[in-house]
């Protein structure tokens, strides 16, 4: 153990005591927990940082909007507004947050953001037509609301079982918190992950008989998109600028490098709100080059650039294994279809 981590270890013990007591008080009923009257599914994680939650919410929206009137209820992380905000045609990524704006723009479903999930539930009555299914984004530690189905995401390369509590590690709460999830998804797996690797991971997670475990990977689209047009990625033969404001851009960078593409990478922090000086800098170095970004970053950059110069490369989640996506779909619908 490095000396710096040794110094942080006592604080992790204190943090564990506080969060564990809070969870026990919810488990014992001392703190009130509310289960929505509408069908509901929550997405969350144990670790700070990107574990594939937003990609999963995107997947769920695409899956469930075919049968239900879906509303996404999110915190709206790093938005410039406060309180309850209901997405409308006048909404922006700054008003809603980049991920809620993405869900609203892409899926044409209802989206509501609120720091307080209970207040968000009360505000659902303002949405017309009234939804019949709620997808909660980043709900795991918000114990006041208990969805009918909780899905926990953890990444292949940084699984929660190998991590430690804040500030010693990156866990928001004890690993025991995974027990509250009905479904666990190991995300961002290598496309060729073996059955033996999956077995080893399953042994470490050690899901209960009541929990289902799935493995998934990230797949990049073959097209670049903006609000008015598309462009085949392989047709981009000129140098371009890649702009990222996500937790871990390395998989995207490596993907483009493997395709032998010529680009300059401008890397910013996750959910970064671009300043006027940064936009001026990008415009000054652009020099006629195409701007390529992620779907999440696109909403934050959209106000500053024309549709001819700014494109995004979508990603999607795919389950690993034959027939696994159908198994997941059946299980989710079984969990949320309560009387």
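Just so it is clear, none of the values below were taken in a lab; they were calculated from the coordinates. What you see is a predicted model; the values in this text were computed from it and never measured. As a convention, Cβ positions derive from the backbone with ideal geometry for all residues, glycine included, and neighbour counts pool all protein chains shown.
Using R₀ = 56 Å, calculate the FRET efficiency as 1/(1 + (r/R₀)^6) where r is the Cβ-Cβ separation of residue 222 and residue 24; round to 0.05. About 0.70, to the nearest 0.05.
Extension gain, residue 195 to residue 48: 0.36 nm times the residue separation minus the Cα-Cα distance gives 50.1 nm. If the segment from residue 287 to residue 231 were pulled out straight at 0.36 nm per residue, it would be longer than the present Cα-Cα gap by 18.2 nm.
Apply the a/c threshold of 1.5 to the C-alpha gyration tensor of segment 222-313 and tell me whether it is rounded, prolate or oblate. Here segment 222-313 falls in the rounded category. Figure legend: label point modelled 7 angstrom from the Cα of residue 334 along Cα→Cβ; residues of segment 113-151 with amide N under 20 Å from it are 147-151. At an R0 of 45 angstrom, the distance between the Cβ atoms of residue 6 and residue 33 translates into a FRET efficiency of 0.75. Taking a ≥ b ≥ c as the square roots of the eigenvalues of the Cα gyration tensor, segment 1-76 is classed as oblate, since a/c reaches at least 1.5 and a/b does not exceed b/c.
Each of 71, 324 has some number of other Cβ atoms within 10 Å of its Cβ, and from fewest to most they run 324, 71. Annotation: peptides 296-303, 246-253, ranked by per-residue average of other Cβ atoms within 10 Å with the highest first, follow the order 296-303, 246-253. Taking 96, 266, 213 as the candidate residues, the one with maximal mean-square fluctuation in a Gaussian network model of the chain, Cα springs under 10 Å, is 266. Among beta bridges from DSSP that stay inside the chain, the antiparallel ones total about 25%. Here residue 260 and residue 66 are evaluated by their C-beta separation; at R0 = 30 Å the FRET efficiency comes out at 0.20.
For n ≥ 4 DSSP H runs only, could you compute -39500 (n - 2.57) per run for the chain, divide by its residues and tell me the 222 nm figure to the nearest 500?
The helix contribution divided over the chain gives -9500 deg cm²/dmol.
Full extension of the chain segment joining residue 90 with residue 322 gains 79.3 nm, where the gain is 0.36 nm per residue of separation less the Cα-Cα distance.
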